[in-house]
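One structure below.
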Amino acid sequence: MFLLINTFFAVTFEKFNVALAGRLVVFVGMGLLFSHLMRAVIIRLGILSRSLNEQILGFLAVTIFFALVIGGLDSMITKWLRIDKDREISGSLELLSNTFIAFVYLFLWNMIYFIYHYIEKSRKQQFDTLKLQALVKELELKTIKSHINPHFIFNALNSIRALIDENPARARDAITELSNILRSSMQAENIETVPLLRELGIVRDYLALEHIRFEDRLKVEYDIDEDTLNQPVPYMMLQTLVENAIKHGISKNVNGGIIRIISDFRNDHHELIVRNTGKLNGGVNKEGFGIQSTDNRLSLLFGANAKFEINDTPENMVEARVKIPIHTY
Amino acid sequence: MTKKAIIIDDERLARNELRKLLGDHSEIEIIAEAANAEEGKQKIEELQPDLIFLDIQMPGKTGFDLLTELERAPHVIFTTAYDEYALKAFEVNALDYLLKPVEPKRLADALLKMDNIDEKENSSGGDQSIPQRGILTDHDQVFVKDGERCWFVKLADIRLFESVGNYAKVYFSNNKPLILKSLNALEERLDEKVFFRANRKHIVNLRMIEKVEPYFNGGLLLEIKGGEKVEVSRRQAVKFKEMMSL
């Protein structure tokens, strides 16, 4: 490439004659040698990884330094080879002109080198940023989907152990329910959405187990529009909302409370609502990981019109509301 | 000698399960159960058990909250299903805990450990007759919680109480956490032969005093084992000299 450029410049700027051919060979040879040397120096000094200002300074310094070296050598070699004895120019002028020519060549050459690297670097940076974003998104989804509270699992196992003597039939059912939940949470990584019917199955198993634990402190009400049963919903999302409702609404309250699960069509949306006794008491962090990533997950799956909100209701309940736009393919 | 125990857990089934497991240990007599911290506190104060089995996550107040409200903490074995923060606190301070579902062997170990501690205390000459209500003895322990860390501290190990607003700072070994108790309330409960009110802001453990120096205005300056210096007001200095000359 250096050879090509040099030839190109040589041809353009000077008349091509036999006397010049020798000079050109020397010039090209030196160009090859020095461009490699220069690259080594640039890499050695780590100029490319510095700030833009330092890069420009380094770029100029390297260019001038090598132009001087090449100019000097060029003059010496031409003198030694006596290629153009017929030319009658004084040594210092020759040195100056050679240096200047070398400077122009090197300047252009280095410019190309730096710009190439600059573009390459910014492209790589962009790529890395994208890769990182994707990774973060994936991690967020994984955590929120596969998160079954270990506290719940061990409490359930403890209750089942007590039930084995007290109510063996219920204990057997409870083991099946717990198995279903554990299986669902393990599959969660590979599944994006399921029909509401299936999600409700998990939620019912989950609530049956919590009912063993909380007994009459937990009351559950369902208000499900049957037409919504085949609507796709994000896998394990309703389960997570119910789990949170229990955690914040029931388990903290000595007298327990009510959980109400509602699924309905409203305008052009499918709405999933989980209400629980209690108050937000302003303590909800709207930017919190759970809320933010639930919202992110919804917009990833259903687009920007899908929404997640959490609010107090006038009836002293906390309401988590998921809005999913209905697809009309 | 049987020990009286109370089980505090919000789940009926969990209480049943523990009761069943304790059926193998005839030395433990379960005198009551409670389903939340408030109820637990009442029953502890009323029945003065030797031992409580305490769940941590309960509706309303946690098990830790309950303990910090007690004047005198009985022997406690925590029971928990899974609680990262609590487990960390336990590991740091070697408190005794059982993970639910409880392994019978672990339960037996915990009870044995408690027996060993009691024996050591009895043989070291502690007069442990009937725990009276009111005055706390040297061997009584209080539960102290400071953020994520918590301790059972024997009164004998406490060097100094310092009043900080509504709180009292408790000095023992290298720690000085705060407890929500006024110095006046503490003074009423503490054995005056051991704990001395040096001034408005400090109660010192007389057994932990290293040096006594005269101070301005006929007061005294006490240097305590941990290096803290406490001034004794003139009025209290008279009382102090009287006590020490006995």
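The values are calculated or read from the model by the stated rules, or taken from the named source; none is laboratory data. The structure presented is a predicted model; accordingly, all values stated were derived computationally and were not measured. Every residue, glycine as well, gets a Cβ built from its backbone with ideal geometry; the counts of neighbours run over all protein chains shown. The accessibility values were calculated without ligands, DNA or RNA, using every heavy atom of the protein model including side chains. Shrake-Rupley method; radii C 1.70, N 1.55, O 1.52, S 1.80 Å.
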Next item on the list: Please name the residues of the range A:157-206 whose accessible area, counted over protein heavy atoms with a 1.4 angstrom probe, falls by no less than 40 Å² between the chain alone and the full protein assembly.
Entry: A:158, A:161, A:162, A:166
Note to self: Suppose all protein chains stay in the model; what accessible area per residue would a 1.4 Å probe give for the range B:31-86, in Å²?
What the structure shows: 36
Check: If you count, for every residue in B:12-18, the Cβ atoms of partner chains within 10 Å of its Cβ, what is the mean?
Finding: 6
Check: Under a straight-distance cross-link criterion of Cα-Cα below 12 Å, which aspartates and glutamates are reachable from residue B:154, leaving out those fewer than 8 residues away in the same chain?
Finding: B:121, B:138, B:140
Next item on the list: Show which lysines lie in cross-link reach of residue A:323 when reach means a straight Cα distance below 16 angstrom and same-chain residues fewer than eight apart are skipped.
Entry: A:307
Next item on the list: For the protein assembly as shown, give the percent of accessible area contributed by carbon and sulfur heavy atoms, probe 1.4 Å, rounded to a whole number.
Entry: 56
Notebook entry, point to check: Just how much of residue B:65 is accessible, in Å², when a 1.4 Å probe is used and the result is rounded to the nearest 10?
Noted result: 60
Next item on the list: Throw me the Rg/Rh for the protein assembly as shown, computed over C-alpha atoms with Kirkwood Rh, two decimals.
Entry: 1.26
Check: So what does log10 I(q)/I(0) come out to for chain B at q = 0.07, 0.14, 0.17, 0.18 Å⁻¹, using the Debye formula with one equal point on every Cα and no solvent?
Finding: -0.27, -0.96, -1.29, -1.40
Item checked: Within the protein assembly as shown, helix-based [θ] at 222 nm, where runs of 4 or more DSSP H residues each add -39,500 (n - 2.57), nearest 500 -> -16500 deg cm²/dmol
Next item on the list: Compute the longest continuous run of chain B that contains no exposed trypsin sites (Lys or Arg not before Pro); treat a site as exposed when its DSSP state is not H, G, I, E or B and it has at most 13 other Cβ atoms within 10 Å.
Entry: B:1-132
Next item on the list: Please get the size of the charge dipole for the protein assembly as shown, origin at its Cα centre, with Cβ charges of +1 on Lys and Arg and -1 on Asp and Glu, quoted in debye to the nearest 20.
Entry: 2320
Notebook entry, point to check: For the range A:124-133, what does the Karplus curve 6.51 cos²θ - 1.76 cosθ + 1.60, with θ = phi - 60°, yield as ³J(HN,Hα) per residue in whole Hz, taken in order and with x for Gly and Pro?
Noted result: 5, 4, 4, 4, 4, 4, 4, 4, 5, 4
Check: In sequence order, what are the phi-derived ³J(HN,Hα) couplings for the range A:181-190 according to the Karplus relation 6.51 cos²θ - 1.76 cosθ + 1.60 with θ = phi - 60°, rounded to whole Hz, with x for glycine and proline?
Finding: 5, 4, 4, 4, 5, 6, 7, 4, 5, 9
Notebook entry, point to check: Could you name the lysines in cross-link range of residue A:121, using Cα to Cα under 26 Å and dropping any fewer than eight places away on the same chain?
Noted result: A:131, A:137
Margin query: Summing both sides, how much accessible area is buried between A and B? Use a 1.4 Å probe and give Å² to the nearest 100.
Written below: 1900
